[in-house]
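Single-structure report; data block below.
The values are calculated or read from the model by the stated rules, or taken from the named source; none is laboratory data. All figures in this text were calculated on a predicted structure; none of them were measured in a lab. Ideal geometry is used to build each Cβ from the backbone, glycine not excepted, and the neighbour counts take in all protein chains shown. The accessibility values were calculated without ligands, DNA or RNA, using every heavy atom of the protein model including side chains. Shrake-Rupley method; radii C 1.70, N 1.55, O 1.52, S 1.80 Å.
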Amino acid sequence: MSNKYRVILQHIADSGEGSRQGRTLQFDIVSHDDIIDIADIVRTKAIVPDDEASVLAVGMKLLGQVVLKHRKELAFADFWPHFESFLRSVKRSV
């Protein structure tokens, strides 16, 4: 079973140089996991502060999908074992 998500990132404040407000980045992803449930679990287990739980959960899922898909390619081969170890560590916390 697959879950489909739309990720929308909207720039809401400038750092001081030039106006970028209102710019958006949008893409769709498919995941076998319920990413919203994962974010809730991360929040409930207090792995990180509440305001970082969704960021951690979504970030790990997005990065994980790309790294897993390309884990044998040169750019990801050295990183994959470390990322996999990190995922296991976080899952043990949950």
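Couple of notes before you dig in:
- Integer Hz, Karplus 6.51/-1.76/1.60 couplings in order for region 82-89, x for Gly and Pro: 5, 5, 4, 5, 4, 4, 4, 4
- Working ranking of peptides 40-48, 83-91 by packing, defined as the average number of other Cβ atoms within 10 Å per residue, highest first, is 40-48, 83-91.
- Taking Cα atoms only, the orientation of helix 50-69 departs from the longest principal axis of the chain by about 60 degrees.
- Carbon plus sulfur fraction of accessible area for the chain, probe 1.4 Å, in percent: 55 percent
- Ranked packing of 67-79, 49-61, most packed first, by mean Cβ within 10 Å: 49-61, 67-79
- Coarse-grained scattering of the chain at q = 0.10, 0.13, 0.17, 0.25 Å⁻¹, given as base-10 log I(q)/I(0) from a Debye sum over alpha-carbon atoms: -0.35, -0.59, -0.91, -1.24
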